[in-house]
Structure formats: structure tokens, C-alpha cells
Amino acid sequence: MYIHGILLGFSLSLLIGPMLFAIISASLERGFRAGVSVASGIWASDVMFLYLVYRGVGVLSKLVALPYFKLVASLAGGGVLLLFGVINLLSRHIPAPTEASAADRLLDSLDGKEPEGVDHNWKRWGFLGYWVRGFLLNTVNPFTVFFWLGFASTVIIPNHWTQKDTLVFFTGMLSTLVLIDILKAYAAKRLRDFLTPHHIRRVQRIIGVLLLVFGVAVIGQAFR
């Protein structure tokens, strides 16, 4: 279980999006500790979701016991993964570091109007502001919610994982994410130079293929 968690954590760490850019930009703006502050906010959000999944397995188990639930959940989950895979393969949109996210808009609405010359008030909060941004980036991301609900209903429960199995798996996944996020903050400048449109597009295609494979695997469970 621990090895499986490491593999999933490594796969998730390869995703290119707002959270990766947030860690890199924070490290470039205010150094390594700012990047780790953003990353630690993301970890805290992940721990919150992991706890909810861990505590909610019993409730989800009752849903899974309903007639045709596994079939519907596998088809729906696999279908969404296939959709994300096709979007990654065909989309020409290249995510940019300066692209405003829902978390940024939420923070800007909470911290009041920025004075002239200040792009975001939360940056004046110090490392706490970076932590809050990381936490919100992960928490308000629809993919995060869908991922954990789908993972619990199509993997944890159908395979009859015990709470110990689930905890070991999550420990491996989270420890991998923490390690790689710290490396991202440390190597921010090199990562920024690497993330050219050409490289981003190549990684998007690889992720698209992986999502297609995972989607087919999940749908395959529906017909076992």
C-alpha cells in the first residue's frame, strides 16, 4: 500500500497547473520559505480531504452497497478521467504563471481593495498569506474534490481496504508530495526556465495519455 501511495503521489506531483506555478512564483518572489509556505498550505488542504475520506468510508460503503452503484460510479469516474485525458491531449491552452485562479479572486475579495501599487493585499501578510493562498488553491479546486470522492468510491471501498490500509496508502502519497513540493520550491528558477510552452505541452500530452489509461481501467472495473 505504501508503494502504491508513493506512485500516486509522484503522478500527482507531475501535474502542471496553478499549484505548481504558485510554489514557483512564491519562491522567486520571496525565497525558498515562501515557496514552502504555499506548499504547506496545499498539504494542509490535502490532509483535510484525506481525513474526510478516511472518516467517510463508512458512509460511502453504504452507498456502494446500493444496486448498480459500482457500475454507475465506475462509468462516471472513468468517463470524467477520459474527458480530462482528451482535453489534455487536444487543448491548445497553455497555463500561465500569472493566470488568476478562483483562490486568488476569493482572497482578493476577502482582503479588501488593494492600494495603488499593490497587486495583492495578502502578500503583506507575510508567509501566512502564502500559506492561505496554497490552502485555498487546493481546497476550491473542483478536481481535488472529484478526485478524492472518485478514488474512495472506485478504489478504496470496492477493494475492501481497511482503515490501516488506507492510512498507509495516504502516508506514502502525502510524504511523496511533501518531498517533491519542497524540491520544487528549492529548484524554482530551474523549473521556471524549463516550463516553456513546448515543455508544458509535452507534459500535458503525457498526462493526457495517463488519464486515458486510468479512465479505461476504472471503466473496466464496471464490467468485472
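Annotations
- Applying the condition of being of a type in the set (Val, Ile, Thr) and surrounded by fewer than 14 Cβ atoms within 10 Å (Cβ to Cβ) to region 157-214 and asking which residue is farthest from the chain's Cα centre (by Cα) yields 162.
- Of all residue pairs spaced 6 or more apart or on separate chains, those with beta-carbon atoms under 8 Å, a first member in region 1-19 that is under 9 Å from residue 176 (Cβ atoms) and a second member that is open to solvent by 60 Å² or more (accessible area, probe 1.4 Å) and at pLDDT 75 or above are 5/171.
The values are calculated or read from the model by the stated rules, or taken from the named source; none is laboratory data. Here the structure is a predicted model, which means the values were calculated and not measured. Glycine gets a Cβ as well: all are built from the backbone with ideal geometry, and neighbour counts include every protein chain shown. Accessible surface is based on the protein model in full, side chains and every heavy atom, while ligands, DNA and RNA are left aside. Shrake-Rupley method; radii C 1.70, N 1.55, O 1.52, S 1.80 Å.
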